[in-house]
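Everything below concerns the one structure shown next.
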């Protein structure tokens with residue numbers, strides 16, 4: 001059984017022209033609520049950045065970022081996340097224009113693979129650092145580094161689980177209005193994580209690699 | 001598969017966003033990788049580039065704009081930005097002041 005099919009939500013790219021006013025108000029408030037969550041999440045990240053900034057240079061004789069950060073891994077992680085944001089754009093466009101379900105599945109799958117490879121690279125980076133003896137308890141700097149970057153990695157992992165859940169929802173309900181709104185929320189979440197990563201690669205990696 | 005003009009327009013919006021994001025990221029990484037500038041001015045420039053890139057992401061990927069349904073989102077983002085700036089500023093003033101006093 002495919003769930004709610006009428007009044008069709010035509011513009012899931014967050015612009016809702018042509019949607020009946022009642023449905024439209026509901027969808028707008030759903031999406032706005034998720035924006036409020038994202039902004040509270042942004043506050044958490046902002047304060048983690050603040051702590052990180054006050055801890056720059058506090059190595060306590062432990063490893064420095066210049067020794068621990070790898071330029072190419074930061075670069076490829078960035079490339080993966082940026083590309084995954086772009087491919088999620090494919091999901092949004094496919095939903096907006098009522099494309100065949102295989103397009104939505106395809107773009108979600110590509111986004112998932114890119115995100116999963118990002119998490120894998122980050123795990124590899126962390127285990128290498130642990131192996132080199134750079135652990136959170138070494139210095140205030142490393143504590144704040146691991147909290148900030150791992151928090152982002154945790155969010156990305158949640159996004160990946162969410163994509164799997166969307167696959168299950170699509171299999172059960174088809175693409176009805178609720179599923180579409182969930183895809184919009186997931187898209188906001190994913191693009192938001194990309195913004196956080198832009199701040200991380202600038203303030204953490206590029207700044208750290210300068211020293 | 002033939003693409004209608006509205007699909008092509010949406011694709012172009014994401015494509016422009018992606019191209020800008022890649023370009024801004026590339027410039028930032030190039031500045032640091034090739035050590036094109038002294039560390040301090042280089043950091044100021046990559047911070048500005050990051051700010052521009054965040055704006056590009058908000059506009060092209062998150063569709064925040066001055067148009068009607070997106071305007072509430074814009075208000076929320078701006079309000080949150082003010083709160084974040086206050087909290088960051090307060091944290092920095094207090095902690096760096098403490099830092100200089102402890103030295």
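The values are calculated or read from the model by the stated rules, or taken from the named source; none is laboratory data. This structure is a prediction, so every number in the text was calculated from the model and none was measured. When we count neighbours, we look across all protein chains shown, and the Cβ atoms used for this are built from the backbone with ideal geometry, even at glycine.
Assigned to a helix (DSSP H, G or I), within 23 Å of residue A:41 (Cα to Cα) and more than 8 Å from chain A (Cβ to nearest Cβ): which single residue out of B:56, B:77 fits that description? Full working, then the answer.
On the way: B:77 fails: more than 8 Å from chain A (Cβ to nearest Cβ).
Of B:56, B:77, the one residue that is assigned to a helix (DSSP H, G or I), within 23 Å of residue A:41 (Cα to Cα) and more than 8 Å from chain A (Cβ to nearest Cβ) is B:56.
Looking at the range B:71-103, which of the residues that are closer than 15 Å to residue A:31 by Cα and under 18 Å from the mean Cα position of the chain (by Cα) is surrounded by the fewest Cβ atoms within 10 Å (Cβ to Cβ)? Working first, answer last.
Keep residues of the range B:71-103 that are closer than 15 Å to residue A:31 by Cα, which gives B:71-77.
Subset that is under 18 Å from the mean Cα position of the chain (by Cα): B:73-77.
Values: B:73: 23, B:74: 15, B:75: 11, B:76: 16, B:77: 17.
For the range B:71-103, the residue satisfying everything is B:75.
Look through the range A:4-42, keep the residues that are surrounded by fewer than 15 Cβ atoms within 10 Å (Cβ to Cβ) and within 9 Å of chain B (Cβ to nearest Cβ), and return whichever of them is modelled with the highest pLDDT.
The qualifying residue modelled with the highest pLDDT is A:40.
Going through A:54, A:108 one at a time, which residue ends up being in contact with a helix residue (DSSP H, G or I) (Cβ under 9 Å, 6 or more places away or on another chain), surrounded by 14 or more Cβ atoms within 10 Å (Cβ to Cβ) and closer than 27 Å to residue B:92 by Cβ?
Values: A:108 fails: closer than 27 Å to residue B:92 by Cβ.
Only one candidate passes the filter, namely A:54.
Spot the failing condition for residue B:98; the list is (1) more than 22 Å from residue A:184 (Cα to Cα); (2) more than 10 Å from chain A (Cβ to nearest Cβ); (3) at pLDDT below 95; (4) in a helix (DSSP H, G or I), and only one is missed.
Condition (2) is where residue B:98 drops out.
Among the candidates B:92, B:33, B:29, which residue alone is within 10 Å of chain A (Cβ to nearest Cβ), out of contact with any strand residue (DSSP E or B) (no Cβ under 6 Å at 6 or more places or on another chain) and within 23 Å of residue A:46 (Cβ to Cβ)? First the steps, then the outcome.
On the way: B:33 fails: within 23 Å of residue A:46 (Cβ to Cβ); B:29 fails: within 23 Å of residue A:46 (Cβ to Cβ).
Being within 10 Å of chain A (Cβ to nearest Cβ), out of contact with any strand residue (DSSP E or B) (no Cβ under 6 Å at 6 or more places or on another chain) and within 23 Å of residue A:46 (Cβ to Cβ) holds for just one of B:92, B:33, B:29, which is B:92.
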